[in-house]
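Trainee: This is the structure I want to talk about, given as C-alpha cells.
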Amino acid sequence: MPFVRLDEVSVTYKGHGGEVEALSSVSLAAEKGEAWAVIGPSGCGKSTLLYALAGLVPPTTGSIFIGGERLLGERRETSIILQDYGLFPWKTVYENAALGLKIRHYSREEVARKTRDILIDLRLLDFKNRFPSQLSGGMRQRVALARSLTLDPDLLLMDEPFSSLDALTREELQNNLLEVRQADGLTTFLVTHSIEEAVFLGRKILVLTSRPGKIAEIVDNPGMGALDYRNRPEFHEVCSHLRHLLRKGNGDG
Amino acid sequence: MAMDKRRILSYLSTIAAMLLAWQGASMVVRSAALPAPLSVMSSFAELMRGELLKHFLISFYRVAVSIILSVSLAVPLGLVLGREEKLDRFFAPFIFLTYPIPKIVFLPVILLLLGIGNLSKITLIVLIIFFQILVTTRDAARAIPAQSILSVRSLGAGWRQVYRHVVFPACLPDIFTALRISVGTAIAVLFLAESYATEEGLGYFIMDAWTRINYPEMFGGITAMALMGAVVYEALEALERRFCAWTRN
Ligand SMILES: Nc1ncnc2c1ncn2[C@@H]1O[C@H](COP(=O)(O)OP(=O)(O)OP(=O)(O)O)[C@@H](O)[C@H]1O
Ligand SMILES: [Mg+2]
C-alpha cells in the first residue's frame, strides 16, 4: 500500500475575483521513504499541491490518503517548509526552531534537548540567539529545516527551499538534505523551478502543466541518491528529458 | 550601557541648546511673559517641592491610565478585526464613521455625565487615542502575509497560538508607532480637559498661573509638562527595545 495517495485531487480557490482552478485531477502514489520532486511553470499549482498534502488547503474534489488514512486537516507527522522559509523575524534562531515543539506542548526539557540536538546537527548552535534578519540565506534555510526536523516528521514537504541561494550553498544544502533523507527514511516532496535540483533530489519527478496544473508526466529517476549523481551521464539524460517536457507544456499553455 | 550614556548625553546637549535659545529669546523680547530660563528653572525646582508635584502626578496618572486602558481595549479588537473578515465587514463602517469625529466636542457631555474628576478626563483621552491605536493595529494585522499564518498553522497551532506567535508580534512595531503618536495627542487633550472646570492637573496649574499673570509659575508648569512627555516616551522606548529587539539591526 502506498504511503501517500492522491485520487483525482482538484483545488479551486474562491476569492474576491472569482474562482481560480489551481490544480486539476492529480492522482499519484508515493511509497514510504520515496523522494519526490515537483516541477512546472510558475503559477501552475505546485505550492497548492503541497498545501493540500499538508492539510492546509482541502481538495475541492478528490481525496488524499496518508499512511492509509484519509487526510482531513493538518497532520502531526507532516512538516512543511514554505516558499519563503516561513521563519518568523520576531523569533530568534532557537525560538524559531523550537516553535513546533512548543506548540505541540512538549515538556520544557524535551523542547530544549531536541532543539539543541538539531541545531548542533545543522551547525546552528552558535547562532541560536540571532534573529533571521541577521543570518545569511543558507543559514535561514537551515533554520527552517531544523524547525521541521525537530518534529520527527515522516513526511517532509518543501516549497522551493533552495531557490534563493548561490550555487555552492545550494549544492551543499542539497547534499545535506540527501543525507538527512537517507538516515531517516523520510518521504519527501520538494517543489522546485530547477531541473537539475529536481533530478538530483527526486526519485520520482512530477511534471505539471501550466494552470490549472495537470500531470504532464511522472518521470522515473532510478539513478537518484548518489552524491556524485550530478556528474553521471544518466543525470544529464533525465535533465534533457525534463527540459523537453517543460518546453512542450509551456507551448500548449 | 554605552547606548544609555549616549542617550543621556544627547538629552543634555539638547536641553543646553534649548536653554541657550530660550535665554537669547528672552533677552531680545525683554518681557515678563517670557522669563529667562534660569529664573524658570529655580522656580520649577521650588514648585516641584510643593504644589506642582501634586499636579504633575495627577496629570501623569491620568495619561498613564488612559494609555493603558486604550491599549488593552484597542489592540485585541484591532487584531481580531484585522484577521476576521466577517467581523471586520460588520464593524468597519462603524469605525470609519466615528473615527473622524473630533471627540473633543463631547467634552461638555462627558463632564455632565461623568463629573469633573479623573473619570471624565480619562474617558475623553481614551475616546480619542483608542481609535488611533485601533485603526493602526487593524491595518497591521490585515497586512500579515498569508504564508506566515500557514507556516504556524502547519506546526499545529490553534487560533490562540496563531495570535500569540504570529499576529500579535507581527503587529507590535506598528502598535508602538501608534502609541508614540497617541501620547502626543493624549497630552494635548489632557491639557485642554484640565484647563477648565477642574482644580487639579498641569493644565489647571498652567492656566491658573496665567490668569494670575505669574509667568515663572506658568513656565514651571510647562516645563513639568515637557518632562511628563519625555518620561512617557522614554518608557515606550524601553518597552520597544525589550519587545521588538528584532527590528533593530
Ligand atoms: N489563496 C488564493 N486565492 C486565490 N488564488 C490563489 C490563491 N493561492 C494561489 N492562487 C492561484 O492559484 C494558482 C496556483 O498557485 P500556486 O501558488 O500553487 O502556484 P505555484 O506553482 O506554486 O507558483 P510559483 O512557481 O510562482 O510559486 C495561481 O494562479 C495563483 O494565482
Ligand atoms: Mg509556489
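The values are calculated or read from the model by the stated rules, or taken from the named source; none is laboratory data. On a predicted model such as this, the values are computed, not experimentally measured, just so you know. Glycine gets a Cβ as well: all are built from the backbone with ideal geometry, and neighbour counts include every protein chain shown. Accessible surface is based on the protein model in full, side chains and every heavy atom, while ligands, DNA and RNA are left aside. Shrake-Rupley method; radii C 1.70, N 1.55, O 1.52, S 1.80 Å.
Trainee: Can you give me the solvent accessible area of A:Arg104 with a 1.4 Å probe, rounded to the nearest 10 Å²?
Mentor: 30 Å²
Trainee: Further question: What helices does chain A have that are whole DSSP H segments, at least 15 Å long along their own axis by Cα, and with mean Kyte-Doolittle hydropathy of -1.0 or more?
Mentor: Values: long enough: A:93-103 (16 Å, 0.66); A:108-121 (20 Å, -0.95); A:137-149 (18 Å, -0.10); A:167-184 (26 Å, -0.82); A:233-252 (29 Å, -0.94).
Helices passing the filter in chain A: A:93-103, A:108-121, A:137-149, A:167-184, A:233-252.
Trainee: Which GluC sites (Glu not before Pro) in the stretch B:187-239 sit in a loop by DSSP (not H, G, I, E or B) and have at most 11 other Cβ atoms within 10 Å of their own Cβ?
Mentor: Sparse-neighbourhood loop GluC sites (Glu not before Pro): B:Glu199.
Trainee: While we're looking at this one, here's another question. For peptide A:78-87, compute the average count of partner chain beta-carbon atoms within 10 Å of each residue's beta-carbon.
Mentor: Across the residues of A:78-87, the mean count of other-chain Cβ atoms within 10 Å is 4.
Trainee: Could you run the Karplus curve 6.51 cos²θ - 1.76 cosθ + 1.60 with θ = phi - 60° over the stretch A:186-199 and give me ³J(HN,Hα) per residue in whole Hz, x for Gly and Pro?
Mentor: Values per residue, Gly and Pro as x: 6, 8, 10, 10, 10, 8, 8, 9, 9, 4, 4, 5, 4, 6 Hz.
Trainee: Now, a different point. What percentage of the solvent-accessible surface of the stretch A:140-253, computed with a 1.4 Å probe over protein heavy atoms, is contributed by carbon and sulfur atoms?
Mentor: Working: 2260 of 4790 Å².
That fraction is 47 percent.
Trainee: For B:Lys121, which lysines qualify as cross-link partners when the Cα separation must be under 18 Å and same-chain residues fewer than eight apart are set aside?
Mentor: B:Lys54, B:Lys103
Trainee: Something else now. Using a 1.4 angstrom probe, figure out how much accessible area the stretch B:114-215 has per residue, in square angstrom, rounded to the nearest whole.
Mentor: Dividing the accessible area of the stretch B:114-215 by its residue count gives 40 Å².
Trainee: Per residue, how much accessible area does the stretch A:82-152 show when a 1.4 Å probe rolls over the protein heavy atoms, in square angstrom?
Mentor: Value for the stretch A:82-152: 45 Å² per residue.
Trainee: For B:Met207, B:Met27, A:Met139, give me the order by solvent-accessible area with a 1.4 Å probe, most accessible first, ignoring ligands, DNA and RNA.
Mentor: Values: B:Met207 55, B:Met27 120, A:Met139 30 Å².
These residues rank, largest area first, as B:Met27, B:Met207, A:Met139.
Trainee: Determine the relative contact order of the stretch A:82-152: mean sequence separation of Cα pairs under 8 Å and six or more apart, normalised by residue count, in whole percent.
Mentor: 51 percent
Trainee: Under 10 Å, Cα contacts only: if you run a Gaussian network model on chain B, which one of B:Ala143, B:Ala21, B:Ala33 comes out with the highest mean-square fluctuation?
Mentor: Evaluated over chain B, the most mobile residue of the options is B:Ala21.
Trainee: Counting only residues 5 or more places away or on other chains, whose amide H sits under 5 Å from the amide H of A:Ala216 once H atoms are built in the peptide plane?
Mentor: Those qualifying (amide H under 5 Å, at least 5 residues apart or on another chain) are A:Val207, A:Leu208, A:Thr209.
Trainee: Restricting to DSSP H runs of at least four residues, report the calculated mean residue ellipticity at 222 nm for the protein assembly as shown, -39500 (n - 2.57) per run over all residues, nearest 500 deg cm²/dmol.
Mentor: -19500 deg cm²/dmol
Trainee: Ok, one more. For chain B, set up a Gaussian network in which alpha carbons nearer than 10 Å are linked by springs, and say which option among B:Ile122, B:Ile15, B:Ile213 fluctuates the most.
Mentor: Looking only at B:Ile122, B:Ile15, B:Ile213, the biggest GNM fluctuation is shown by B:Ile15.
Trainee: Restricting to bridges with both residues inside the protein assembly as shown, how much of the DSSP beta-bridge set is antiparallel, in percent to the nearest 5?
Mentor: Details: 21 of 39 bridges.
Within the protein assembly as shown, antiparallel bridges account for around 55 percent of the total.
Trainee: Let me ask you something else. Mind listing the long-range amide H neighbours of A:Glu34? Cut-off is under 5 Å, sequence gap 5 or more, other chains count too, H placed in the peptide plane at 1.01 Å from N.
Mentor: Hits under the 5 Å cutoff: A:Thr188.
Trainee: Check each of the trypsin sites (Lys or Arg not before Pro) in the stretch B:1-79 and keep only those in coil by DSSP with at most 11 other C-beta atoms within 10 angstrom; list them in order.
Mentor: Those that pass, being in a loop and sparsely packed, are B:Arg30, B:Arg49.
Trainee: Name the residue, out of A:Gly67, A:Gly225, A:Gly202, whose mean-square fluctuation peaks in a Gaussian network model built on chain A with Cα pairs under 10 Å.
Mentor: Its mean-square fluctuation being the largest, the pick is A:Gly67.
Trainee: Right, another one. Beyond a 22 Å Cα-Cα separation, which of these cross-linked pairs lie in this structure: A:Lys32/A:Lys128; A:Lys91/A:Lys128; A:Lys14/A:Lys91; A:Lys102/A:Lys128; A:Lys91/A:Lys114?
Mentor: Working: A:Lys32/A:Lys128 33 Å; A:Lys91/A:Lys128 10 Å; A:Lys14/A:Lys91 33 Å; A:Lys102/A:Lys128 16 Å; A:Lys91/A:Lys114 18 Å.
Pairs exceeding the cut-off: A:Lys32/A:Lys128; A:Lys14/A:Lys91.
Trainee: Cα axis of helix B:215-243 to longest principal axis of chain B: angle in degrees, 0 to 90, nearest 10?
Mentor: That helix lies at roughly 30 degrees to the long axis.
Trainee: Sticking with this one: Cα to Cα, under 19 Å, and not fewer than 8 places away if on the same chain: which aspartates and glutamates meet these conditions relative to B:Lys5?
Mentor: B:Glu234, B:Glu237, B:Glu240
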